[in-house]
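Some notes on the structure that comes next.
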Amino acid sequence: MRRGVVIVAFALLVLATAGCGSSSSSSSSGTTTEESSGGGGGQRAIAGVQANDHGTKPVADSGKTEVELDDFYFKPTVLEGKAGEKVTLELKNEGNTEHSFTIDSQGIDKDIQPGDEAEVTVTIPKSGVVSFYCKFHKSSGMAGALAVTGQSGGTGGMTDTGTTTGKGYGY
Ligand SMILES: [Cu+2]
């Protein structure tokens, strides 16, 4: 009698562990998507900054790469180039208010009036991404990034490179 109980208990234990092992892999939700409140459709975290996403483009092989500044986004929003490459950007403010093109780590801070243009030379990072933003409207999602070709894609490699992430959207 006693022996029978032990055997049944052992059998149950084996069944339980086997069951556990096979079923546990399905429901792991390790992604952190807490910031789902961004207004409007195309916001995503770019280089650690919540940004209005208007596309990713490679920089021009030679000459200038045009970047549109508008109310309130950069287009393209992510610029991809070769690691360490210097790139001249032609910034065009097509909005109705003043915008800036600012990169803290490269000492760039250009103010551009509505209808105006400006040129800046930026450096594609050696790896990862570098955040740029408009200092007036960063909190509204006016931000973007310089990235090494192939390293900005998807949701993975967009690591923050030093700029602080504003949690609130200044609406
Ligand atoms: Cu702006």
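Every read-out reported here was derived from the displayed coordinates using simple, explicitly stated rules and does not represent laboratory data. Everything numeric here is computed off the predicted structure, so don't read it as measured data. Here Cβ is always computed from backbone atoms with ideal geometry, including for glycine, and neighbour counts include all displayed protein chains.
Centre-to-centre separation between the Cα atoms of region 104-136 and those of region 55-74: 11 Å. Here region 49-120 is treated with +1 on each Lys and Arg Cβ and -1 on each Asp and Glu Cβ, and its dipole about the Cα centre works out to around 300 debye.
Fully extending the segment from residue 136 to residue 98, taken as 0.36 nm per residue of separation minus the present Cα-Cα distance, adds 12.9 nm.
Take the residue pairs 110/135; 82/135; 92/135; 57/135; 57/82 and return only those whose Cα atoms are more than 20 Å apart. Before the final figure, lay out the partial values.
On the way: 110/135 10 Å; 82/135 26 Å; 92/135 16 Å; 57/135 22 Å; 57/82 12 Å.
Among 110/135; 82/135; 92/135; 57/135; 57/82, the Cα-Cα distance tops 20 Å for 82/135; 57/135.
Between amide H atoms placed 1.01 Å from N, distances below 5 Å from residue 132 occur with 144, 145, 146, all of them 5 or more places distant or on a separate chain.
Give me the number: length gained by fully extending residue 126 to residue 110, i.e. 0.36 nm times residue separation minus the C-alpha to C-alpha distance, one decimal in nm.
Stretched out fully, the residue 126 to residue 110 stretch lengthens by 3.5 nm.
What net charge do the residues around residue 94 carry, taking every other residue with its C-beta under 11 Å from that of residue 94, with Lys and Arg at +1 and Asp and Glu at -1? Around residue 94, the surrounding residues sum to -4.
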